[in-house]
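A.B. asks: Just dropping this structure here.
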Amino acid sequence: MSFRPPKGTDDLIAPRSAGWQVVLATWEDWTRRYGYPLVMTPMFEATDLFERGVGDTTEVVTKQMYTFEDGGGRSLTLRPEGTAPVVRAYLDSGGQGAWKGAYAGPFFRYERPQAGRRRQFFQVGIEYLDVTSPEADAEVIEVGWRFLSDAGVPGLTLLINSLGDPECRPRYVEALRSHLKDRADQLSSDSQRLIDRNPLRVLDSKVDRAAVGEPPKMIDYLCDACASHYESVRSQLDALEVSYKQDDRLVRGLDYYTRTTFEWIGGELNTAQNAVGGGGRYDGLAEMIGGRALPGVGFALGLDRIMLSLGDPEVGHLDAYLVSETGAEEALIVASRLRAAGVAVDFDTEGRSVKAQFKSARKLQAPVILVWKGDGLDVDIQTDDGRQTLPLEEVAEWFTDQV
Ligand code: AMP
């Protein structure tokens, strides 16, 4: 029996997990402010949903899906991404009109594992459905930007592009195809195969970056409606003071994007895994999976990479540790009172020595140590700044005053 997690997956335990909790709390705060309530969908879906929704020429679908047959002979796939499932869920709910949702959870792709590239990884994301305006795009981008900035991701760059729509994209795809055909002998065999089937995917190829040369730019081919949409998104980002860079090669790895697409690059990450997240508008996705016309815009951010860019902080999860000089029985009651008053406090249930309890407090990185001496109702409060003694009833208030 091996006690290692499966290849490409990780266990997350304290104190690292407490660092994740801080960032997830920041996520909840920003999505709440912008009006995105929680949406949860199953960990697995009908394989067809991803084949149709994500696109059957994407790497995600051709190489990376965890697909299995269940006892009833259905082909199911562990979700490799969140947008197609959320759109499916909204269509299934019979909902009408503008709708928002935020999700957080694990996703699965059979990748070659390395730091920041896992087989099970954690994404947070939002979707804003049944909206078409550039304001919706700008708001979605702003949510990601505010969250990532507040979480403290260093050296953040936002790249944006427009991929046009079914009216103007075909002309661009033709121009790109003919550019790629001229250089086909320099491209990898994977890219050569894509020239006819899906040449946009070649722009996404890391190995062929140099060989692709100077391809035509989508923004030069946008129809009037797409060009004016894109212009509005950019001017609204300016007004919101969200800075960005135009990236002519940004196509993203999933097929469903139309018009606005974007990606955030983290400054401290190694270049192969430096995208902390991205998203865009996906006006055709709902129809691709067999639903009605349902435009939308959203993004997904990889928490594994966000945490890497923050240096994988190890943080304490307690407000205080309670050391009892009179044993566990009294400590249980004292801790309970403090907990009821909102203080995150832990203590030793095993009745170990005072010295061992202080050691636990340090190990758990408790910023405050409360010493219960049992004489009357006083608690000795020890912090890096000194010590003081307060009656038990006043201890919770003391914590409130610290913030
Ligand atoms: P995508 O769904 O491909 O647009 O990815 C959005 C973000 O999710 C990426 O920028 C990464 O931060 C994260 N991500 C995607 N795939 C993985 C993976 N295999 N391991 C870790 N993070 C990932």
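The values are calculated or read from the model by the stated rules, or taken from the named source; none is laboratory data. This one's a predicted model, so the numbers in the text were calculated from it and none came from an experiment. Cβ: placed from backbone, ideal geometry, glycine included. Neighbour counts: every protein chain shown. We work out accessible area using only protein heavy atoms, side chains counted, and drop any ligands, DNA or RNA first. Shrake-Rupley method; radii C 1.70, N 1.55, O 1.52, S 1.80 Å.
A.B. asks: Return the single residue from D348, D304, D312 with maximal mean-square fluctuation; model: Gaussian network over the chain, springs between Cα atoms under 10 Å.
C.D. replies: Evaluated over the chain, the most mobile residue of the options is D348.
A.B. asks: If you take the charge dipole of the chain about its Cα centre, with +1 on Lys and Arg Cβ and -1 on Asp and Glu Cβ, which of Y221, S243, A331 is farthest toward its positive end?
C.D. replies: Y221
A.B. asks: Quick one: pull the percent of accessible area on segment 320-402 belonging to carbon and sulfur, 1.4 Å probe, ligands and nucleic acids left out.
C.D. replies: Details: 2330 of 4790 Å².
Answer for segment 320-402: carbon and sulfur cover 49 percent of the accessible area.
A.B. asks: If you build the convex hull over the alpha carbons only and average its shadow over all orientations, what do you get for segment 320-402? Give it in nm² to one decimal. Intermediate values should be presented prior to the final figure.
C.D. replies: Numbers: hull surface 19.3 nm².
Projected area, direction-averaged: 4.8 nm².
A.B. asks: Which listed residue (L187, F121, A84) has the Cα farthest towards the positive end of the charge dipole for the chain, taking +1 on Lys and Arg C-beta and -1 on Asp and Glu C-beta about the Cα centre?
C.D. replies: Of the options given, the answer is L187.
A.B. asks: Oh, and also: Treating only the Cβ atoms of Lys and Arg (+1) and Asp and Glu (-1) as charged, compute the dipole magnitude of segment 320-402 about its Cα centre; round to the nearest 20 debye. Before the final figure, lay out the partial values.
C.D. replies: On the way: 9 positive and 15 negative charges, 89 e Å.
My answer is approximately 420 debye.
A.B. asks: Here's another thing I want to ask about it. When only the heavy atoms of the protein chains count and the probe is 1.4 Å, how do I333, I126 rank by accessible area, highest first?
C.D. replies: These residues rank, largest area first, as I333, I126.
A.B. asks: One quarter of the convex hull surface, Cα atoms only: what value does that give for segment 274-329 in nm²?
C.D. replies: Details: hull surface 34.8 nm².
For the Cα atoms of segment 274-329, the hull's average projected area reads 8.7 nm².
A.B. asks: Pick from I265, I219, I381: which residue has the top mean-square fluctuation in a GNM of the chain where Cα pairs under 10 Å get a spring?
C.D. replies: Most flexible of the set in this elastic network: I381.
A.B. asks: Using the Cα centre of segment 171-260 as the reference point, and only Cβ charges (+1 on K/R, -1 on D/E), how large is the resulting charge dipole? Debye, rounded to the nearest 20.
C.D. replies: Values: 15 positive and 16 negative charges, 55 e Å.
Roughly 260 debye for segment 171-260.
A.B. asks: Counting only other residues whose beta carbon sits under 12 Å from that of S232, what net charge do I get with K and R as +1, D and E as -1? It would help to have the intermediate numbers written out before the result.
C.D. replies: Numbers: positive: R234, R259; negative: E135, D137, E231, D238.
With Lys, Arg at +1 and Asp, Glu at -1, the net is -2.
A.B. asks: If you take every residue apart from G311 with its C-beta less than 15 Å away from the C-beta of G311, what net charge results, scoring Lys and Arg +1 and Asp and Glu -1?
C.D. replies: Its environment carries a net charge of -2.
A.B. asks: What angle do you read, to the nearest 10 degrees and between 0 and 90, between the alpha-carbon axis of helix 83-93 and the longest principal axis of the chain?
C.D. replies: 90
A.B. asks: Something else now. Once the dipole of segment 320-402 is set up with Lys and Arg at +1 and Asp and Glu at -1 on Cβ about the Cα centre, which of A320, T400, S360 lies farthest towards its positive end?
C.D. replies: Farthest towards the positive end: S360.
A.B. asks: If you don't mind, there's one more thing I want to ask. Between D346, D378, D56, where does the largest GNM mean-square fluctuation fall for the chain, given springs only between Cα atoms within less than 10 Å?
C.D. replies: So, out of D346, D378, D56, the one fluctuating most is D378.
A.B. asks: Would you mind computing, in nm to one decimal, how far apart the modelled labels at S149 and S189 are, each placed 7 Å from Cα along Cα→Cβ?
C.D. replies: 4.8
A.B. asks: Here's something else I'd like to know. Quick check: convex hull of the Cα atoms in segment 226-286, volume per residue, rounded to a whole Å³? Could you put the intermediate results ahead of the total?
C.D. replies: Working: hull volume 6.4 nm³, N = 61.
In segment 226-286, the Cα convex hull volume per residue is 104 Å³.
A.B. asks: A further question on this structure: Measure nothing fancy, just the Cα-based angle from helix 354-363's long axis to the longest principal axis of the chain, in degrees from 0 to 90, nearest 10.
C.D. replies: Long axis of 354-363 versus the principal axis of the chain: about 20 degrees.
A.B. asks: If you don't mind, there's one more thing I want to ask. Under unit Cβ charges (Lys, Arg +1; Asp, Glu -1), what dipole magnitude, rounded to 20 debye, does the chain have relative to its Cα centre?
C.D. replies: Roughly 1380 debye, rounded to the nearest 20.
A.B. asks: For the chain, what does the helix formula give at 222 nm: sum of -39500 (n - 2.57) over DSSP H segments with n ≥ 4, over the residue count, nearest 500 deg cm²/dmol?
C.D. replies: Details: 14 runs with 148 residues, N = 403.
Helices in the chain give a 222 nm mean residue ellipticity of -11000 deg cm²/dmol.
A.B. asks: Please give the solvent-accessible surface of S228 in Å², to the nearest 10, using a probe radius of 1.4 Å with every protein chain present.
C.D. replies: Probe radius 1.4 Å; accessible area of S228 about 70 Å².
A.B. asks: While we're looking at this one, here's another question. So for the pair Q246, V22, with labels modelled 7 Å out along Cα→Cβ, what separation do we get in nm?
C.D. replies: 3.9
A.B. asks: Moving to a separate point now. Ignoring ligands, DNA and RNA, what accessible area per residue does the chain give at 1.4 Å, in Å²? The partial results should precede the final answer.
C.D. replies: On the way: 19430 Å² over 403 residues.
With the other protein chains kept in place, the chain gives 48 Å² per residue.
A.B. asks: For the chain, max minus min Cα coordinate along each principal axis, in Å, sorted largest first?
C.D. replies: The principal-axis extents, from largest down, are 85, 55, 44 Å.
A.B. asks: Any of K7/K355; K7/K359; K181/K206; K206/K245 with alpha carbons more than 30 Å apart? Name them for me. Write down the numbers at each step before the final one.
C.D. replies: On the way: K7/K355 40 Å; K7/K359 35 Å; K181/K206 18 Å; K206/K245 19 Å.
The pairs that break the limit, which is 30 Å between Cα atoms, are K7/K355; K7/K359.
A.B. asks: To continue, here is another question. If I ignore ligands, DNA and RNA and count only protein heavy atoms, how much of H229 is accessible to a 1.4 Å probe, in Å² to the nearest 10?
C.D. replies: Accessible surface of H229 is approximately 10 Å².
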